[in-house]
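Below is one structure; the comments refer to it alone.
The values are calculated or read from the model by the stated rules, or taken from the named source; none is laboratory data. Just so we're clear, the structure is a prediction, and the values are computed from it rather than from any experiment. Cβ atoms come from the backbone with ideal geometry, glycine included; neighbour counts cover every protein chain shown.
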Amino acid sequence: MATTLQAIRGMNDVLPDEAHGWLAFEEIVRGTMFRHGYRNIRTPLLEHTGLFKRAIGEVTDIVEKEMYTFTDELNGEQLTLRPEATASTVRAAIEHSLTYNGPLRLWYAGPMYRHERPQKGRYRQFHQFGAEALGFGGPDVDAELIVMCAALWKELGLEGIRLEINSIGSTEERARHRTELIRYLETKTDSLDADAKRRLHTNPLRVLDSKNPVVQDATRDAPVLMNFLGEASLAHFDGLKKLLTAAGVTFGINTRLVRGLDYYNLTVFEWITDKLGAQGTVCAGGRYDGLFEQIGGKPTPAVGFAAGMERLIALWQDAGRVPAPRGPEAYLIHQGEGALETALLAAQALRAAGHAVVQHAGGGSFKSQMKKADGSGALIALIVGEDEVRAGELTLKYLRRDAPQQKIRRDELVAAFGSALKETTQ
């Protein structure tokens with residue numbers, strides 16, 4: 001007996017009873033992006049491994065431990081399933097000279113891959129949507145992205161998502177802070193866990209981002225990067241704070257917020273909830289002015305964010321905001337000589353007019369078909385029997401309102417059905 005095959009651990013099926021919620025969620029996201037002037041981009045799931053090593057940083061958890069990387073047996077290339085989409089978006093912008101004619105607003109959505117320990121809200125195949133504003137250097141676009149997120153949470157009816165912001169300055173400012181931070185951490189090695197010790201000399205800023213309470217306590221008095229920022233970086237951060245305040249977006253300043261990717265500079269931010277346990281971050285981003293040059297392009301300022309769809313949809317479900325699935329408008333029942341052909345033509349006519357119609361398949365009595373029609377959630381049943389075929393008619397039966405059934409002529413089907421549907425949905 002063959003072994004039953006199942007989905008790979010951490011890679012989940014989205015079944016029809018859940019998928020309607022995903023579709024509704026995605027439609028709201030698309031609308032939000034369109035209203036803010038962001039255009040859709042779709043990049044490959046597979047990229048050259050070097051893209052992520054150069055963009056994200058070799059001394060990061062993603063590159064060191066989490067990427068799905070393999071050698072293409074046909075040509076020996078090292079390839080990686082994308083763990084995030086910012087690097088791919090920037091690569092595409094460079095490759096196709098997308099910013100040649102000026103700054104550009106882009107958005108994306110799709111699956112990402114990281115080999116993590118699966119748990120609620122954290123999967124090996126997970127889905128993100130995100131926005132990238134390429135070629136904009138000021139805090140106005142940083143604020144635009146954050147305000148766009150706030151508008152999306154409001155439209156989704158989500159509450160209890162708080163915003164934390166920080167500035168991690170320029171490369172030079174981080175270098176000065178790094179020297180002092182290493183000096184401080186070297187006095188606390190007894191309190192650092194294995195990850196923190198490994199990062200001490202390679203990526204010490206990430207030690208401040210540790211979720212280990214012992215490490216957090218040990219770094220409580222560590223040098224604060226904000227104190228190393230120069231006039232330009234502080235002015236950028238002040239501009240962001242003023243714009244968010246003007247827009248009515250509440251925020252907190254978290255000087256330990258550094259983000260996990262090497263390409264960030266200046267503004268970083270996270271949207272966080274306490275309703276999902278350990279996986280509290282639902283959206284995060286920041287400015288990455290050096291990334292274009294880092295992967296071979298011309299210097300170009302940029303800022304963006306990515307949001308976890310599984311986590312946001314879970315919040316949406318918990319808040320009871322997911323719309324109920326819609327059934328078809330009509331279910332076509334047929335039995336007898338010539339009924340199938342008549343039903344087929346009727347279904348085609350109604351669909352061409354924009355109506356959602358399910359045509360019964362698989363045979364069965366009128367009673368069993370009517371049961372299927374009722375279970376489908378359809379508003380109206382259209383019945384074709386031998387009597388209807390001879391008379392050139394269909395019988396219309398209401399399934400969700402108390403009203404008598406009626407006969408309608410085939411040549412008047414679309415108009416008559418539209419009137420009946422209007423009465424049903426008023």
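The figures follow:
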read-out: Residue among 207, 215 that is β-branched (Val, Ile, Thr), within 23 Å of residue 56 (Cβ to Cβ), in contact with a Lys or Arg (Cβ under 7 Å, 6 or more places away or on another chain) and without any contact (Cβ under 8 Å) to a residue 60 or more places away in the chain; value: 207
read-out: Among the candidates 350, 312, residue that is buried (at least 21 other Cβ atoms within 10 Å of the Cβ), not assigned by TED's automatic domain parsing to the domain that holds residue 412 and not in a loop (DSSP other than H, G, I, E, B); value: 312
read-out: Test: residue in segment 386-404 that is of a type in the set (Lys, Arg), outside any helix (DSSP H, G or I), more than 30 Å from residue 25 (Cβ to Cβ) and out of contact with any helix residue (DSSP H, G or I) (no Cβ under 7 Å at 6 or more places or on another chain); value: yes
read-out: Some residue of segment 86-95 being surrounded by 15 or more Cβ atoms within 10 Å (Cβ to Cβ), in contact (Cβ under 8 Å) with a residue 12 or more places away in the chain, not polar (S, T, N, Q) and not in a helix (DSSP H, G or I); value: no
read-out: Criterion (assigned to a loop (DSSP other than H, G, I, E, B), at pLDDT 95 or above and polar (S, T, N, Q)) met by exactly one of 43, 4; value: 43
read-out: From the options 243, 266, 276, residue that is on the phi > 0 side of the Ramachandran plot and in contact with a helix residue (DSSP H, G or I) (Cβ under 7 Å, 6 or more places away or on another chain); value: 266
read-out: Residue 286 vs. criteria without any contact (Cβ under 8 Å) to a residue 12 or more places away in the chain and either under 26 Å from residue 252 (Cα atoms) or in the same structural domain as residue 108 (by TED's automatic domain parsing) (or both); value: no
read-out: Residues that are closer than 26 Å to residue 236 by Cα and buried (at least 16 other Cβ atoms within 10 Å of the Cβ), drawn from segment 295-309; value: 295, 297, 300, 301, 302, 303, 304, 305, 306, 307
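Here is a yes/no grid of residues against (1) of a type in the set (Gly, Ala, Ser); (2) surrounded by 13 or more Cβ atoms within 10 Å (Cβ to Cβ); (3) farther than 20 Å from residue 344 by Cα:
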site: 360; (1), (2), (3): no, yes, no
site: 369; (1), (2), (3): no, yes, no
site: 376; (1), (2), (3): yes, yes, no
site: 382; (1), (2), (3): no, yes, no
site: 390; (1), (2), (3): no, no, no
site: 399; (1), (2), (3): no, yes, yes
